[in-house]
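The values are calculated or read from the model by the stated rules, or taken from the named source; none is laboratory data. What you see is a predicted model; the values in this text were computed from it and never measured. No Cβ is skipped: glycine too gets one built from the backbone with ideal geometry, and neighbour counts run over all protein chains shown. Side chains included, ligands, DNA and RNA excluded: accessible areas come from the protein's heavy atoms. Shrake-Rupley method; radii C 1.70, N 1.55, O 1.52, S 1.80 Å.
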Amino acid sequence: MEHGLSDDRNPGLAARGRAMNPTVMVVEDEEAIALLLRYNLEAEGFAVEVITRGDDAELRLQEQVPDLLLLDWMLPGLSGIELCRRLRLRTETQRLPVIMLTARGEESERIRGIATGADDYVVKPFSVPELMARVKGILRRTNPETVSARLVAGDLSLDRASHRAYRNERELRLGPTEFRLLEFFMRSPGRVFSREQLLNGVWGRDIYVDERTVDVHVGRLRKAIIRGREKDPIRTVRGAGYSLDDKFLN
Ligand code: CA
């Protein structure tokens, strides 16, 4: 239990904040292993997407980048090792944490895996608790925001455990969508998100919502966090989207 994510202990909160849970993409063609990984990762509070082919995973990763990738070595379409190599060449996925799943006894292959840019590897058959510990260890190291309960950016703070957000000491009154939107921005301050990326990340890709909906909720979020002469921390980037402003954060 010591590896549990503190913000996902309460199932009600987990359900409400579903789109905001750290995301793990599992690329694995063996159904039993994929199922085992999905079950255990979801039980730990991760949002999981399973893809069974290397080439499909490459396409999907061009649309959306998860917080971590669990990548099998031998895959139809495109091998895990080649996918990993390609991911390292793209800016968007250069630093995506990757754990390779390899078969036992492929010592030289394992070394190649690390050389190609995987952050870690796990040998099949693997121990589930050990794999979960590796997943969380890597996330803590590479992207502490995904596993910490409290996010801070400038004078904004957000507590995932209590589902409350503050500007200075003032508690913000946010609707559920505005809360998730703020959380999404606070995980990557300074990064510009397109409306489509915000839709995928905040509303989820299975829900059809018009892109103008994003503008409506960004407007509501601004209204909730700006009082009097306070600065507007959300920057509108013409032709690109929105970001939590760098200047405001300094
Ligand atoms: Ca395989």
Filter result (surrounded by 14 or more Cβ atoms within 10 Å (Cβ to Cβ) and modelled with pLDDT of 85 or more) within segment 129-150: Leu131, Met132, Arg134, Val135, Lys136, Gly137, Ile138, Leu139
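Just give me the residues in segment 63-87 being open to solvent by 10 Å² or more (accessible area, probe 1.4 Å) and in contact (Cβ under 8 Å) with a residue 60 or more places away in the chain, in sequence order. Can you show your working first?
Filtering segment 63-87 down to residues open to solvent by 10 Å² or more (accessible area, probe 1.4 Å) leaves 63-67, 73-79, 81-82, 85-86.
Correct list: Glu63, Gln64, Asp67.
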Just give me the residues in segment 220-238 being small (Gly, Ala, Ser) and either within 24 Å of the chain's Cα centre (by Cα) or surrounded by 12 or more Cβ atoms within 10 Å (Cβ to Cβ) (or both), in sequence order. Ala224
Please name all residue pairs, on different chains or six or more residues apart, with Cβ atoms under 6 Å, provided the first residue is in segment 18-46 and is within 14 Å of the ligand (Cβ to nearest atom) and at pLDDT 85 or above and the second residue is in a loop (DSSP other than H, G, I, E, B) and β-branched (Val, Ile, Thr). Asp29/Thr52
Going through segment 63-77 in order, the residues found to be outside any strand (DSSP E or B) and either away from the ligand (no atom under 12 Å from the Cβ) or within 19 Å of Val135 (Cα to Cα) (or both) are Glu63, Gln64, Val65, Pro66, Asp67, Trp73
In segment 53-62, what residues are open to solvent by 20 Å² or more (accessible area, probe 1.4 Å) and either more than 12 Å from the ligand (Cβ to nearest atom) or hydrophobic (A, V, I, L, M, F, W, C) (or both)? Asp55, Asp56, Glu58, Leu59, Gln62
Restricting segment 33-52 to residues that are more than 13 Å from Val128 (Cα to Cα) and not polar (S, T, N, Q), which is surrounded by the fewest Cβ atoms within 10 Å (Cβ to Cβ)? Glu49
Quick one: would you say Ala165 is farther than 16 Å from Val202 by Cβ and either outside any helix (DSSP H, G or I) or not polar (S, T, N, Q) (or both)? no
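Only one of Ser243, Ser188 is under 23 Å from Asp159 (Cβ atoms) and modelled with pLDDT under 90; which? Walk me through how you get there before you give the answer.
Details: Ser243 fails: modelled with pLDDT under 90.
Matching residue, one of Ser243, Ser188: Ser188.
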